[in-house]
Amino acid sequence: MSFLATKRLSKELKDLNDKGCPTGIQLLQSDDLHKWIFELEAYDSIYSDDKLALMFRFSGQYPIDSPAVQFVVGELEGATYKAPVHPHVYSNGHICASILSDGWSPVLNVSAVCLTIQSSMSHEFTQPSLSSHSVLTSCKSKQLPPDNDRYVARAPENPKKTRWEFHDDTV
Amino acid sequence: MSDDSDNYMDAASFEGSDIVEDYQSSNPSEAFSDDDVEIEDNEAFIVNEPVKPKKSKFDVDYKVYDINDIISNQQSETEQVCSIFGLQRQDATILLRHFGWNREKLIERYSEDPERILKQVGLAPGTSASAQSDSRANSPVRLKRVKGFTCEICFTGSEDTSTQTLALACGHRFCSDCWKMHCEEKISGQGESRKIECMQGDCQTVMSEQVISQVVPEYIFQRYQTLANKTYVEDNRRGLRFCPGPDCGNVIECQVRGSDLESLIPIVVCKCGQASCFGCSFSGDHRPALCGVTKLWVKKCEDDSETANWISANTKECPRCHSTIEKNGGCNHMTCRKCRHEWCWICMGDWSAHGTSYYNCNRFEDKSGKDARDGQQKSRVSLERYLHYYNRFSNHEQSARLDQELYAKTERKMDEMQRSTSLTWIEVQFVKKAVETVTKCRMTLKWTYAMAYYLDRNSMTELFEDNQADLEKAVENLSELLEKPLDVETIPELRSQMQNATNYVKSRQNILLEDTLQGHMEDRWSYHITIPSLA
Ligand SMILES: [Zn+2]
Ligand SMILES: [Zn+2]
Ligand SMILES: [Zn+2]
Ligand SMILES: [Zn+2]
Ligand SMILES: [Zn+2]
Ligand SMILES: [Zn+2]
C-alpha cells in the first residue's frame with residue numbers, strides 16, 4: 001500500500017471515529033486498513049426492514065483509484081446480510097453505479113460513497129448531486145437488474161474488474 | 001583472384017554483377033526487386049526524408065515515416081491551427097486530439113461556435129470563455145508553493161507549512177504529489193493519452209502536455225508521448241498505419257480506396273525491410289493474389305488445418321523402394337540414396353517427366369471426369385483439389401524455411417573458407433543473393449497456388465499456370481544449386497552458374513508478376529467464387 005493510501009485511509013478512519021458516521025451508517029469492521037465494512041440503514045425507504053452492509057476494499061492507488069464497493073451477502077458477526085433487491089444491485093452484492101468507476105474523483109471519500117448509496121435506497125432522493133453521470137437512483141419497487149442471472153453467473157469476484165455500462169437511470 | 005573478381009567488386013556495392021544490372025535496366029518494373037529499396041534506404045539516411053521507392057504501374061504511392069517525422073507532422077498540424085485561430089499551442093493540441101486530428105472538422109466546428117467547442121473539449125472551465133482564455137494566456141499553469149495549504153485528497157500540509165501545489169485554469173488546487181499519482185495512474189495504469197482531466201469530480205478541465213510534464217517523472221512523460229503518437233496514428237483518417245515488423249516503430253502512409261483492391265495489390269515495404277499489405281493488413285507480400293483472394297484462402301486454410309496437417313511432415317517414403325527420406329533443403333527434386341530413384345517431393349511423381357509438356361506438377365487434373373455425380377464422390381474430389389493447392393502452397397513456405405536453414409550452414413562454411421583461403425567476403429555474397437531470390441520467389445509461388453485454387457478453368461488460367469510452372473522450374477534449379485557442396489576449387493564455376501540461375505529466376509518472377517498484375521487491371525482473371533470486397 002502506498003504512503004498516500006495509508007495516510008489518507010488513516011485520516012478518513014480517524015475522522016469517522018472522532019466525528020462519527022453519518023446518520024444510519026455504522027462502522028462494523030476496520031481492523032484491516034484495506035477492508036472496511038459498514039452497516040447501512042435505508043430508513044424512509046422500501047428497504048428500511050432489510051439488513052444491509054457495505055464492504056469497501058482499497059487498492060494501493062486509493063484515492064486516485066476508486067474503492068471496490070459491494071453489498072455483503074452472507075453471515076457476518078452473527079447476523080445475516082443480503083443484497084437489496086434493487087434495479088442497480090445484483091444478487092451477488094455488486095453495484096452498478098458510476099460513482100464507483102467513471103464518476104469517481106479522488107476528492108470523494110468513503111463517507112460520500114456510503115451516503116450516495118444510502119440515498120439511492122430512499123424515495124426522498126431524486127437527483128444525484130455528486131455526478132452528472134447516472135448513479136444509483138431512488139426506487140419505488142423491489143426489482144432485480146434485468147440481466148441479473150447472466151451477470152451473476154459470470155461475474156468476477158472483484159466488482160472493479162467489471163466494465164460497467166450504466167443502466168438507464170430512469171428506472 | 002582473376003580479373004573478373006575486380007569487376008565483381010565494383011558492381012558488388014550495388015549488390016549484383018553486371019549481368020544483374022543489364023537485366024534491371026531492361027526491366028521496367030524495378031519495384032519487384034528489393035535492391036532498390038535498400039539503395040533508397042541509404043539515400044534516405046543522408047537526406048533524412050521519407051523513403052519513396054521507385055514505382056511501377058502496379059505499385060502504390062506510399063511514404064515511410066520514423067517517429068521523428070510523426071512528431072514533426074503533429075507539430076506542423078498544430079502550428080496551422082494556432083495560426084488560424086490565434087490559439088496557444090497546447091490548446092490547439094488538445095483540440096486536435098479531441099477531433100481525432102481531423103483538422104477540417106475542427107476548423108469548421110470551431111468557426112461556428114468557439115466557446116461551445118472550448119467548453120466541450122475541457123478548455124473553458126469558467127463562465128466566460130473569452131475571460132478564461134485571457135487568463136490562460138496571461139498566467140500559464142505552473143507549480144506553486146502555497147503556505148498554509150492542506151491538500152483535500154491526501155491531507156498533506158498544515159497552517160505553518162508550505163506545500164508544492166498546482167491548479168489548472170479551473171482553479172481546483174491540489175498538491176503536486178496527488179497530481180503526479182493521478183497522471184501516473186492514467187498514463188501507466190490506463191494507457192490514456194487523449195485526455196487527462198482535473199481531479200475534482202465533475203470538472204472536465206483538461207491537463208495540457210506542458211502541465212503533465214511538470215508533475216510526472218521523465219520516463220512517465222516519455223511513455224505519455226509514445227501513447228500520444230500512437231493515438232495520432234490510430235486516430236488519423238488519412239491512411240497511416242504502423243509497420244508490422246518486429247520492434248519497428250515506423251509508420252507508413254498510403255491512400256487506397258476499397259474499390260482499388262479489385263485490381264491493385266497495395267504492397268508497401270518499410271525501411272526495416274518488412275513488406276505488408278495496406279489493403280488487408282497482411283504482414284507480407286501476397287502478390288499476385290488479390291487481397292480478397294488472400295483473405296478467402298487464409299480463412300480456408302485455418303478451417304481445414306487438421307485435414308492438411310500431414311503435409312508439413314519432413315519425411316516421406318521413396319515411391320519406389322519405400323525407404324524413409326528426410327528433406328534437408330528446400331529443393332523438391334529428391335534422389336533416393338538407396339535406389340537412386342529421382343522423384344518430386346510435391347507430387348511424388350517421376351522427376352524426369354517434370355518440365356516436359358506432357359506433365360504438369362502444378363496443374364490440378366480432375367481425374368474423376370464427369371462421373372463424379374454423387375455427393376460423396378464430389379466431396380472427395382473437392383478435398384483432393386484443395387489438397388493439391390494447399391500442398392504446393394505450404395510446400396513453398398516450408399521449402400523457403402529449409403533453404404534458409406541450409407544457407408545458415410553454408411554461411412558458416414563460407415566463414416571458415418574465408419579465414420583459411422584467399423576468398424574475400426564479397427566473393428561469397430552470391431550465395432546470399434541466391435537464397436534471397438529463392439525465398440522471395442517461393443513466396444510469389446505460394447500465392448500463385450492460393451490464386452489458382454479460385455480460378456476458373458479456361459485458357460487464361462492455363463497461361464497463368466504456364467508462367468507458374470516456368471518460375472517453379474527455375475526456382476527448383478536454383479534451389480538445387482544451393483545444395484551443391486562448396487570448396488575453393490569449385491567456387492568460381494558455381495558462382496557463375498548460380499548468378500545466371502539467380503538472374504533467370506528473377507526474370508521469370510517479373511514475367512509472372514507483371515502479367516498477372518496486368519491481368520488484374522484488365523479484369524482478365526475469372527474466379528469460380530465471388531471474391532469478397534474489402535471496401
Ligand atoms: Zn495531495
Ligand atoms: Zn478542475
Ligand atoms: Zn518496419
Ligand atoms: Zn492485401
Ligand atoms: Zn528409393
Ligand atoms: Zn511434381
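Here are the numbers for the structure shown:
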quantity: Whole-Å distance, taken between Cα centres, linking region B:387-431 and region B:210-267; calculated: 36
quantity: Net +/- balance of residues flanking B:Leu96 in space, Cβ distance below 9 Å, scoring K and R +1, D and E -1; calculated: +1
quantity: Average partner coverage of B:154-162, which counts Cβ from other chains inside 10 Å; calculated: 2
quantity: Gyration tensor verdict on region A:44-83 (Cα atoms; rounded if a/c is under 1.5, prolate if a/b is larger than b/c, oblate otherwise); calculated: oblate
quantity: From the C-alpha gyration tensor of region B:291-521, square roots of 5λ in Å; calculated: 34, 21, 16
quantity: Cβ-based net charge around B:Tyr453, under 14 Å, with every Lys or Arg adding one and every Asp or Glu removing one; calculated: +2
quantity: ³J(HN,Hα), Karplus 6.51/-1.76/1.60, whole Hz, each residue of region B:57-72, x for Gly, Pro; calculated: 5, 8, 9, 9, 6, 7, 10, 10, 10, 9, 5, 5, 4, 5, 5, 6
quantity: Calculated diffusion of region B:431-486, Stokes-Einstein form, Kirkwood radius summed over Cα pairs, 10 °C and 1.306 mPa s, µm²/s; calculated: 129
quantity: FRET efficiency estimate (nearest 0.05) - Cβ-Cβ, B:Gln88 to A:Lys19, R0 35 angstrom; calculated: 0.20
quantity: Greater than 25 Å apart at Cα, pairs in A:Lys82/A:Lys160; B:Lys432/B:Lys473; B:Lys57/B:Lys271; A:Lys35/B:Lys147; B:Lys147/B:Lys180; calculated: A:Lys35/B:Lys147
quantity: Stretchable slack from B:Glu317 to B:Leu486, in nm (0.36 nm times residue separation minus alpha-carbon distance); calculated: 58.0 nm
quantity: From phi via Karplus (6.51, -1.76, 1.60), per-residue ³J(HN,Hα) for region B:192-205 in Hz, x at Gly/Pro; calculated: 8, 9, 5, 7, 10, 9, 4, 7, 5, x, 6, 8, 9, 4
quantity: Accessible area buried at the B-A interface, both sides summed, 1.4 Å probe (Å², nearest 100); calculated: 1300
quantity: Protein-only accessible surface order, largest first, of B:Leu534, B:Leu513 at 1.4 Å; calculated: B:Leu534, B:Leu513
quantity: Stretchable slack from B:Tyr219 to B:Glu262, in nm (0.36 nm times residue separation minus alpha-carbon distance); calculated: 10.9 nm
quantity: Cα shape, region A:13-57, gyration tensor, a/c 1.5 rule; calculated: oblate
quantity: Accessible surface of B:Ile252 - all protein chains present, 1.4 Å probe, nearest 10 Å²; calculated: 0
quantity: Computed lengthening from B:Lys378 to B:Thr324, 0.36 nm per intervening residue step minus Cα-Cα distance; calculated: 16.2 nm
quantity: 5 angstrom amide H check on B:Thr165, placed H, neighbours 5+ away; calculated: B:Lys144, B:Arg145, B:Val146, B:Ser176
quantity: Net charge of neighbours whose Cβ lies under 11 Å from the Cβ of A:Ile37, counting Lys and Arg as +1 and Asp and Glu as -1; calculated: -2
quantity: Label-point separation in nm, A:Gln26 to B:Leu463, each point 7 Å along Cα→Cβ; calculated: 9.3
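The values are calculated or read from the model by the stated rules, or taken from the named source; none is laboratory data. If you're wondering where the values come from, they're calculated on a predicted model, not measured in any experiment. Cβ coordinates were reconstructed from backbone atoms using ideal geometry, including for glycine residues, and neighbour counts include every protein chain displayed. Ligands, DNA and RNA are stripped out before the accessible areas are found, and what is left, the full protein with its side chains, is counted by its heavy atoms. Shrake-Rupley method; radii C 1.70, N 1.55, O 1.52, S 1.80 Å.
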